[in-house]
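Below is one structure, written out as structure tokens, with a few remarks after it.
The values are calculated or read from the model by the stated rules, or taken from the named source; none is laboratory data. What you are looking at is a predicted structure, and each value in this text was computed from that prediction instead of being measured. Heads up, the Cβs are rebuilt from the backbone with ideal geometry, glycines too, and the neighbour counts pull from every protein chain shown. Each accessible area value is taken on the protein alone, full model and side chains, heavy atoms only, with ligands, DNA and RNA left out. Shrake-Rupley method; radii C 1.70, N 1.55, O 1.52, S 1.80 Å.
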Amino acid sequence: MFGNLEGKIAKSSVEENGKNSIKMTLEVSQLHFEVALNKAYLDNRDKVSLPGFRKGRVPRKMIEMQFGKNFFYESALELMFEAMYEEALQEHNLEREVVSKPSIETYEEKDGGALIVLTVDTKPHIEIKDYTGIKYRKVTTNVIDEEINAWVDAEREKNARVLSVVDRAAKKGDIANIAFEGFVDGIAFEGGQSDAHELVLGSNSFIAGFEDQIVGKNTGEEFDVDVTFPEEYHAKHLEGKPAVFKVKLNEIKEKQLPEADDTFAQEVSEFETLAEYKADIKAKIEERKLADSQREVDEQIAEGLAARVTDEIPRSMIDNEIDRRINEYANMVEQQGMNFEAYMQQMNMNINSMRAVYEVQAEKGVRSRLAIEAIIRQEDIKTTPEAMDEEIKKLAEMYRMDVTQFLEVIGDVGIRNIEGDLKAKQAVELVKKAAIAE
């Protein structure tokens, strides 16, 4: 927009505006402001109607006469703002990192141009005087036989056969195929009928007491089931009402689980014996528990670090972190094929209540991150070329790219981010070594 115009877009000055904030004054040149005003007119003229002119054909001067000379000022400033703001940041070579969007305090016409005063938040300079002695709880990674057996039993359930039973009465654990019709005060109610409903006896998925009255009955038997609907029930007209269900037991089925033996191990795994299969299960559970324990310890360390940052933090940093977490969560929901707004409604939430959920953890996250950055500075932590090469290679493999292609995609910013992450990991390891396990 301003590429063919010579000279700076704006003169600028910067001053302190209290802790973690600076005030910036931008004086826009008349020439650049006029270009922006004309562009704002061209972008917005279709929205203005005046008698005697076709829509979109009203001259700019006529609009300014009718609605005021500053009618296009705000649009013009929006058009040129990003360019002149970046120009000012580069000119003053600000050492303090800007962490918020600019907030315009005032703008006014001056000498045919414009004078704009804005404020931005800056990242606080944190010092961690002592990061040693943070306490954390150890998490056990021991694997007991019950956990291994539960894994095996889950696999047996997956490989179970379902067979029809004809030589005995129904018992808990059976799958009962039933036809039923429900009555309240002798009148059949809507939704209380089925010709072939399958119900696992003992699952408590029906009204309390319903399944118990099927136990002991035989295939083909017809009988009444007497129950009372709960005081709180999804169908309001049935709440607390006694009901009679006329039931016919169509079929009884049972699950037959395979024996946990060598043959079973061969069918569900690459191992020849049950002992080898269980040893592999144990190793997998241990691996999962170790990852979980390390994650939990990292969270405790992060909380401990956050508590040691007592400096004032700009509100914008916390808001930005809340935004990041909500966007991350929204992406996860939408990757599962759900609309995020519909999901929030289903969860009886709105954006404000969701922000409130993330508030405390977001602030801890910001404080912890500032603490880690301070430790990196104070300890002069650096990465080695070997560590960078290894991390880049690992990430390239993860995204199924060769290293050259991966580096082209991520660019210089991506490389700096990788370097920063490696430094952060080293800082966390320093804190862990100096931490105290309870």
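Each residue of the stretch 317-330 was assigned a 3J(HN,Hα) from its phi angle through the Karplus expression (A = 6.51, B = -1.76, C = 1.60, θ = phi - 60°), giving 5, 5, 4, 4, 5, 4, 4, 4, 5, 5, 4, 4, 5, 4 Hz with x at Gly and Pro. A Stokes-Einstein calculation at 10 °C with viscosity 1.306 mPa s, built on the Kirkwood radius of the stretch 234-317 over Cα pairs, returns a diffusion coefficient of 79 µm²/s. Shown are Glu190, Glu254, whose ranking by accessible area with a 1.4 Å probe and every protein chain present, most to least, is Glu190, Glu254.
Which shape class, rounded, prolate or oblate, goes with the stretch 283-325 when its Cα gyration tensor gives a ≥ b ≥ c as root eigenvalues, a/c under 1.5 marks rounded, and past that a/b bigger than b/c marks prolate? Taking the square roots of the gyration eigenvalues as a ≥ b ≥ c, the stretch 283-325 is oblate. The figure for Glu157 is an accessible area of roughly 90 square angstrom, using a 1.4 Å probe on the protein chains alone. Here the 3J(HN,Hα) profile of the stretch 389-403, calculated from phi with Karplus coefficients 6.51, -1.76 and 1.60 at θ = phi - 60°, is 4, 5, 5, 5, 4, 4, 5, 4, 5, 4, 9, 6, 10, 7, 4 Hz, Gly and Pro shown as x. Under 10 Å, Cα contacts only: if you run a Gaussian network model on the chain, which one of Ala154, Ala307, Ala169 comes out with the highest mean-square fluctuation? Among Ala154, Ala307, Ala169, the largest GNM mean-square fluctuation belongs to Ala169. Taking other residues whose beta carbon is less than 12 angstrom from the beta carbon of Tyr85, and scoring Lys, Arg as +1 and Asp, Glu as -1, yields -4.
In straight-distance terms, cross-link reach from Lys284 covers every one of the aspartates and glutamates whose alpha-carbon lies under 17 Å from its own, apart from those fewer than eight places away in the same chain; here that gives Asp145, Glu146, Glu147, Asp153, Glu155, Glu270, Glu276, Asp292. Spin-label model, Glu429/Val357: points 7 Å from Cα along the beta carbon direction are separated by 3.6 nm.
For each pair in Lys19/Lys110; Lys158/Lys253; Lys138/Lys432; Lys172/Lys248, compute the distance between the two Cα atoms and list the pairs where it is over 20 Å.
Lys19/Lys110
Estimated at 0.36 nm per residue, the fully extended path between Met62 and His92 surpasses their Cα-Cα distance by 6.8 nm.
Ignoring ligands, DNA and RNA, how do Tyr358, Tyr399 rank by accessible area with a 1.4 Å probe, largest first?
Reading off the accessible areas and sorting them downward yields Tyr399, Tyr358.
Relative to the longest principal axis of the Cα atoms of the chain, the long axis of helix 73-92 makes an angle of roughly 80 degrees.
As I understand it, the value is the acute angle between the Cα axis of helix 145-158 and the longest principal axis of the Cα atoms of the chain; what does it come to in degrees, rounded to 10? Compared with the principal axis, the helix lies near 80 degrees. Seen against the Cα atoms of the chain and their longest principal axis, helix 30-44 is set at about 40 degrees. With q set to 0.30 Å⁻¹, the log10 of I(q)/I(0) for the stretch 73-122, from the Debye formula over equal scatterers at the Cα positions, is -1.32. A 1.4 Å probe run over the protein chains yields, for the stretch 19-75, 61 Å² of accessible area per residue, whole-number rounding.
Hey, any idea what % of the stretch 83-136's accessible area is carbon plus sulfur with a 1.4 Å probe?
Carbon and sulfur atoms account for 43 percent of the accessible area of the stretch 83-136.
Probing with 1.4 Å while keeping every protein chain in the model, the per residue accessible area of the stretch 398-438 equals 72 Å².
Any idea what log10 I(q)/I(0) is at q = 0.11, 0.12, 0.15 Å⁻¹ for the stretch 7-136, Debye with uniform C-alpha scatterers and no solvent? Values, matching the q order: -0.51, -0.57, -0.77. Note on the chain: percent of Cα-Cα distances in each 10 Å bin, starting at 0 and stopping at the bin with the largest distance, equals 4, 11, 13, 18, 17, 12, 12, 10, 4, 0, 0.
Per-residue Karplus couplings for the stretch 174-191, computed as 6.51 cos²θ - 1.76 cosθ + 1.60 with θ equal to phi - 60°, are listed in order as 6, 9, 9, 9, 10, 10, 8, 9, x, 10, 10, 6, x, 10, 5, 10, 5, x Hz, Gly and Pro entered as x.
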